[in-house]
1. Out of Arg278, Arg224, Arg217, Arg181, report the one residue that is over 30 Å from Val140 (Cβ atoms) and under 22 Å from the mean Cα position of the chain (by Cα).
2. Restricting to region 169-178, count the residues that are under 30 Å from Leu240 (Cβ atoms) and within 16 Å of ligand 2 (Cβ to nearest atom).
3. So, in region 169-193, exactly how many residues are at pLDDT below 90 and either surrounded by 17 or more Cβ atoms within 10 Å (Cβ to Cβ) or farther than 22 Å from His135 by Cβ (or both)?
4. Tell me which residues, restricted to region 120-148, are in contact (Cβ under 8 Å) with a residue 40 or more places away in the chain, of a type in the set (Ser, Thr, Tyr) and more than 16 Å from ligand 2 (Cβ to nearest atom).
5. Condition (residue is assigned to a helix (DSSP H, G or I), touching a Cys at 6+ places or on another chain (Cβ under 9 Å), at pLDDT 95 or above and buried (at least 22 other Cβ atoms within 10 Å of the Cβ)) applied to region 71-79: is it met by at least one residue?
6. How many residues does region 32-45 hold that are without any contact (Cβ under 8 Å) to a residue 60 or more places away in the chain, away from ligand 2 (no atom under 13 Å from the Cβ) and either within 11 Å of the chain's Cα centre (by Cα) or closer than 30 Å to Ser116 by Cα (or both)?
7. Answer yes if at least one residue in region 149-168 is within 16 Å of ligand 2 (Cβ to nearest atom) and closer than 16 Å to Leu4 by Cβ, and no otherwise.
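The values are calculated or read from the model by the stated rules, or taken from the named source; none is laboratory data. As the structure is a prediction and not an experimental result, all values here were calculated from the model. Don't worry about glycine lacking a Cβ; one is built from the backbone with ideal geometry, like all the others, and counts go over all protein chains shown.
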Amino acid sequence: MTRLSAVKPSGHVQLGNYLGAIRRWADEHGPNDVFFICDLHAMTVPHNPGRLRALTREQLAILVAAGVDPEVACVYVQSDLVDMHGALTWLLECTCTYGEAIRMIQFREKGAGQTSVRLGLLTYPVLMAADILLHGTDEVPVGEDQSQHLELARTLAKRFNHSYGEVFTLPRAVLPTVAARVRDLSDPTRKMGKSAGDSPGVVYVLDPPDIVRRKIRRAVTDDRAAVRYAPDEQPGVANLLEILAACTGTSPYTLAGTISSYAELKESVADAVVETLRPVRERAAELLADPAELDRVRKLGAERARTHARSRLDAALEVAGLR
Ligand code: ATP
Ligand code: MG
């Protein structure tokens, strides 16, 4: 049973990525898990090559630092297998119709209002299908926004199998058991996101403690001066309580009853976030300062991923008439 998860190097890893995904990956991973840094996907919008390279290394370092063990699970960088992802993408582009591609809601949303759109923004769901099918993935934990892409991957797998021969496993979307949905500290109506640019409300995993504290002290609250857990009426306060709950393993309701002022709440959140991120930040910094070790991990992951994917890709090329 193979399960596949990815993180896109579109920005620095933020607190929501850690509390909502990476921490769970670290707790629950096993030999059937494949994690990859999807750097090819970070190129569908204008990107800076040097920054992409640096963010890719940073994300790999953070995954490992957080406790996703590259000796247990397969942890790799997508472009290290660019030949394989690229080859399968082509087979699947020749399996997908133009009509199916332009129906993708994400393409419409992300392309809307742009004068020029990279063709890759249209075709990346096919690359995503290739990522999934390459590894014989059974389960993909994805959010609501990705379910249409998962459906496309299933459709392409079925069509390919039907046309040429049974090669691909049909993947299933599974709803991730989300521990926390972290919202932007400066605009709690919006989710915290790593590609939000320079928002003062995004806490990055590698932010030094004083920056983390400053961002949390400046978090938007309200003028009710009542620490209650009421997400609709007091989204800022509720977000802080949820972050504190996620860091301390308690419930936001319980916490609300024990804290009397916004200042106290922010201090508690700042302490908890700094302590939660500290080991990850410190270990990631060590890895980033030790390129040989990071390269070793990267090579190990690429070799495992290659071995895992090889026979499936060969079979697909073969049945499609290419060998
Ligand atoms: P982008 O802005 O590029 O979409 P992102 O911060 O949303 O970046 P993704 O790469 O889309 O990050 O997602 C990586 C993982 O982090 C996913 O499993 C996603 O569900 C989770 N995640 C992202 N943002 C949050 C958040 N604010 N709270 C909880 N989980 C989150
Ligand atoms: Mg996202």
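1. Only one candidate qualifies: Arg278.
2. Final tally of qualifying residues: 3.
3. Residues meeting the conditions: 4.
4. Listed by number, the list holds a single entry, Thr137.
5. Yes; the residues of region 71-79 include at least one that is assigned to a helix (DSSP H, G or I), touching a Cys at 6+ places or on another chain (Cβ under 9 Å), at pLDDT 95 or above and buried (at least 22 other Cβ atoms within 10 Å of the Cβ).
6. Of the residues in that region, 3 qualify.
7. Yes, that holds for at least one residue.
For (1) more than 14 Å from the chain's Cα centre (by Cα); (2) over 30 Å from Arg214 (Cβ atoms), each residue gets a yes or a no:
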position: Asp145; (1), (2): no, yes
position: Leu152; (1), (2): yes, yes
position: Lys158; (1), (2): yes, yes
position: Tyr164; (1), (2): yes, yes
position: Lys194; (1), (2): no, no
